[in-house]
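Down below is the structure, laid out as structure tokens.
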Amino acid sequence: MSQKQTLSFQAEVAQLLHLVTHSLYSNKDIFLRELISNASDACDKLRFEALNDTSLYEDAPNLEVRVSFDKEARTLTITDNGIGLTQQEAIDNLGTIAKSGTREFMNRLSGDQKSDAQLIGQFGVGFYSGFIVADRIVVESRRAGAKPEEGVRWTSGGAGDFEVEAMERAARGTSVVLHLRDDAADYLSAWKIKSIIAKYSDHIALPILMRKETWKEGNEGEPGEMELTDEWDTVNQASALWSRPKKDITPEQYTEFYKAVSHDYEDPLAWSHNRVEGSTEYTQLLFIPAHAPMDMWNRDKAAGVKLYVRRVFIMDEAEALLPVYLRFVKGVIDSADLPLNVSRELLQESRDVKAIREGNTRRVLSMLEDLAKAEKDEAASEADKGKFARFYGEFGAVLKEGLGEDMSNRERLAKLLRFASTQSDTASVSLADYKARMKEGQDAIYYITGDTLAAAKNSPQLEIFRKKGIEVLLMTDRVDEWALGYLTEFDGTPLQSVAKGQVDLGKLQDEEEKKAAEEAAEAFKPLLARLKEALKDKAQDVRATTRLVDSPACLVASEGGMSMQLARMLKQAGQAAPETKPVLEVNADHPLVKKLDTSPNFHDLAQILFDQALLAEGGLPEDPAAYVKRVNALLV
Ligand code: ADP
């Protein structure tokens with residue numbers, strides 16, 4: 001079994017490596033952050049597995065990372081005494097791309113070398129980033145608990161393939177030996193390495209050790225030089241960032257920590273760090289990212305919070321720590337009370353976890369409230385003012401899921417919502433803004449849902465509102481209709497869809513208007529009856545309306561029914577939508593409608609009226625060809 005095998009990299013890896021080795025780097029230093037982070041993860045994994053089997057510690061219970069270099073051999077070595085790799089694990093984990101973040105990163109690549117190289121510099125690509133500075137990497141490893149002769153040596157020049165062979169290795173864990181490229185010789189310096197560790201890896205909870213140096217006097221008149229000793233020094237703070245007092249942590253340290261836990265290349269919009277005491281005790285460090293990940297719409301995936309128990313890493317993506325609608329939040333929770341052997345199933349049932357989840361939810365909402373406050377705060381910087389809009393553009397639609405999911409925070413969530421309206425093309429109108437602008441006598445918050453902003457804005461249902469200068473919120477997110485179903489009122493004012501039920505403008509309509517409408521409806525009755533008969537297969541009812549000004553007719557859903565738009569959406573998604581027929585509302589004042597009564601083509605015109613109302617709100621006639629034929633017959 002000790003024979004050397006040569007294996008090919010997975011195609012994606014080869015592509016990535018090509019990029020890594022053929023581009024210029026805005027920031028080479030990140031390779032060290034990536035390798036130290038892997039070393040630290042390996043130690044976390046060992047600690048976790050050892051909870052059930054302490055023999056895995058063998059005779060080295062102190063987990064640590066050592067960084068050393070050899071000027072002569074031009075190598076830089078990162079060694080950990082973590083979980084280690086079996087031969088098969090080395091083949092699988094160092095030959096393919098496992099991390100979803102890296103795959104996401106690959107999807108972002110534009111093919112343009114320069115901008116891609118910059119992206120790599122910001123992002124880091126895990127283990128493979130070693131090839132930024134090395135033209136050959138040798139990994140030597142032995143899995144914790146395995147025999148010394150079960151070690152593995154993995155070697156690659158970063159081109160198409162790699163070699164693996166068995167080796168004897170007494171020490172548990174992994175050494176990554178980087179054979180530095182000619183232009184990377186400056187990493188053979190303790191000062192340089194230490195400064196990179198201070199910048200990127202200070203938050204790592206394990207000690208990172210480097211050889212102590214001594215100053216060797218030069219011979220007479222000659223300069224002296226630094227020499228490495230056999231003693232090792234800890235060069236980082238070696239305490240988990242979140243366990244340190246807030247006042248000792250700089251914004252840069254928080255930002256670097258965020259990037260390390262989230263694999264994001266952009267700074268976060270906000271963070272909050274707290275020690276929570278009470279019935280359950282925990283430390284909370286939560287971040288709001290500046291942009292949404294690719295897989296945000298997957299409600300099963302996501303959950304960006306890591307769980308630690310008394311500094312021991314327990315699991316990534318602990319979904320029980322936040323409600324699903326806050327799945328974009330990243331960070332760390334360190335509990336003082338949970339048992340170390342807590343499982344995902346147990347988490348779901350734990351009362352401590354429930355308290356943590358509620359605490360986290362409140363904390364995130366108050367972070368968002370702060371961002372929203374800064375928007376209107378004269379004293380806030382321009383950057384801070386823009387943060388809420390940035391957040392909302394990325395995550396607003398996800399936040400709305402909370403209206404249905406989190407009853408206890410519905411009011412707080414409602415205050416954070418922003419919409420476009422007939423007075424604003426951008427999603428910037430809050431329900432409070434809307435209320436402040438309501439007309440005298442207006443007693444509802446009006447909204448309409450549509451597939452697009454243009455469709456919502458131009459829908460005939462809005463005509464009377466526009467004429468009377470009443471603002472209507474325009475909702476175009478897919479979740480809007482569903483979410484708004486849970487928000488029937490805001491601050492005592494009901495929310496009302498203008499596309500559902502009859503419009504009752506209440507006090508906004510004066511007596512004269514009301515009387516005229518009633519008279520018209522009376523005179524109109526016989527025609528309505530004929531229309532109803534002609535459209536009995538399509539429309540649930542036909543009635544006169546005052547909501548239209550320029551259009552002859554429009555469709556509305558019955559009160560409490562599903563809007564046509566939502567029904568259409570469900571159908572497109574292949575889901576069963578109730579077959580409810582819409583109501584056709586007709587504008588008695590429209591010339592087309594006036595002509596209808598005496599027309600010899602009454603039946604065709606009635607169909608056209610209906611189909612056009614359907615088209616106007618983004619639907620399609622049931623029989624488009626028949627519709628075209630009828631219209632053409634009229635045109636001729
Ligand atoms: P990521 O660490 O984000 O999963 P990497 O490309 O950096 O992606 O590493 C791939 C995999 O290789 C890791 O998931 C891990 O299983 C393994 N690995 C990397 N470095 C080490 C190490 N020092 N010790 C043990 N396993 C490691």
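Counting only residues that are within 14 Å of the ligand (Cβ to nearest atom), under 15 Å from Asp70 (Cα atoms) and open to solvent by less than 50 Å² (accessible area, probe 1.4 Å), give me the strands (runs of 3 or more DSSP E) lying completely in segment 138-234 with at least 3 of them. Those strands (runs of 3 or more DSSP E) span 173-180. Among the residues examined, Lys439 does not qualify as without any contact (Cβ under 8 Å) to a residue 60 or more places away in the chain, closer than 25 Å to Asp589 by Cβ and touching a Gly at 6+ places or on another chain (Cβ under 9 Å). Residues that are under 27 Å from the mean Cα position of the chain (by Cα), buried (at least 19 other Cβ atoms within 10 Å of the Cβ) and not assigned by TED's automatic domain parsing to the domain that holds Pro552 number at least 2 in the following helices (runs of 4 or more DSSP H) confined to segment 443-505: 480-484. If you check Ile120, Ile83 for being modelled with pLDDT of 95 or more and not in a strand (DSSP E or B), only one passes: Ile83.
Going by the structure shown, is Ala240 surrounded by fewer than 16 Cβ atoms within 10 Å (Cβ to Cβ) and closer than 18 Å to Ser40 by Cβ? No; evaluated as a whole, the condition is false for this residue. Selection of segment 335-358 for residues being outside any helix (DSSP H, G or I), of a type outside the set (Gly, Ala, Ser) and open to solvent by less than 50 Å² (accessible area, probe 1.4 Å) yields Leu338, Val342. Checked against the criteria, Val353 does not count as within 19 Å of Asn274 (Cβ to Cβ) and at pLDDT 95 or above. Over 17 Å from Ile193 (Cα atoms), modelled with pLDDT of 85 or more and either outside the structural domain of Ile193 (by TED's automatic domain parsing) or not polar (S, T, N, Q) (or both), is that true of Ile249? Answer is yes for this residue. For Glu579, the stated conditions hold: it is exposed (fewer than 12 other Cβ atoms within 10 Å of the Cβ), within 41 Å of the chain's Cα centre (by Cα) and over 23 Å from Lys457 (Cβ atoms).
All of (1) open to solvent by 70 Å² or more (accessible area, probe 1.4 Å); (2) small (Gly, Ala, Ser); (3) within 12 Å of the ligand (Cβ to nearest atom) hold for Ser37 with one exception: (1). If you go through segment 235-259 and pick out every residue that is β-branched (Val, Ile, Thr) and in a helix (DSSP H, G or I), you end up with 1. The listed residues are Val353, Val342, Val398, and the only one of them that is touching a residue at least 40 places away in the same chain (Cβ under 8 Å) and not small (Gly, Ala, Ser) turns out to be Val398. Tell me, yes or no, whether segment 48-64 has at least one residue that is near the ligand (Cβ under 9 Å from one of its atoms), surrounded by fewer than 18 Cβ atoms within 10 Å (Cβ to Cβ) and within 33 Å of the chain's Cα centre (by Cα). The answer is no, given that none of the residues of segment 48-64 is near the ligand (Cβ under 9 Å from one of its atoms), surrounded by fewer than 18 Cβ atoms within 10 Å (Cβ to Cβ) and within 33 Å of the chain's Cα centre (by Cα). Do the conditions hold for Glu12, that is, is it within 16 Å of the ligand (Cβ to nearest atom) and at pLDDT 90 or above? The answer is no for Glu12. Of the residues making up segment 605-618, just one is without any contact (Cβ under 8 Å) to a residue 60 or more places away in the chain and either touching a strand residue (DSSP E or B) at 6+ places or on another chain (Cβ under 8 Å) or on the phi > 0 side of the Ramachandran plot (or both), namely Leu614. Of all the listed residues (Lys28, Lys71, Lys4), the sole one being open to solvent by less than 60 Å² (accessible area, probe 1.4 Å) and away from the ligand (no atom under 16 Å from the Cβ) is Lys28. Taking segment 94-117 as the range and being open to solvent by 40 Å² or more (accessible area, probe 1.4 Å) and at pLDDT 75 or above as the test, only Thr96 passes.
The values are calculated or read from the model by the stated rules, or taken from the named source; none is laboratory data. All values reported here derive from a predicted model rather than from experimental measurement. Here the Cβ is made from the backbone with ideal geometry for all residues, glycine too, and neighbour counts use every protein chain on show. With ligands, DNA and RNA removed, areas are computed over all heavy atoms of the protein, side chains included. Shrake-Rupley method; radii C 1.70, N 1.55, O 1.52, S 1.80 Å.
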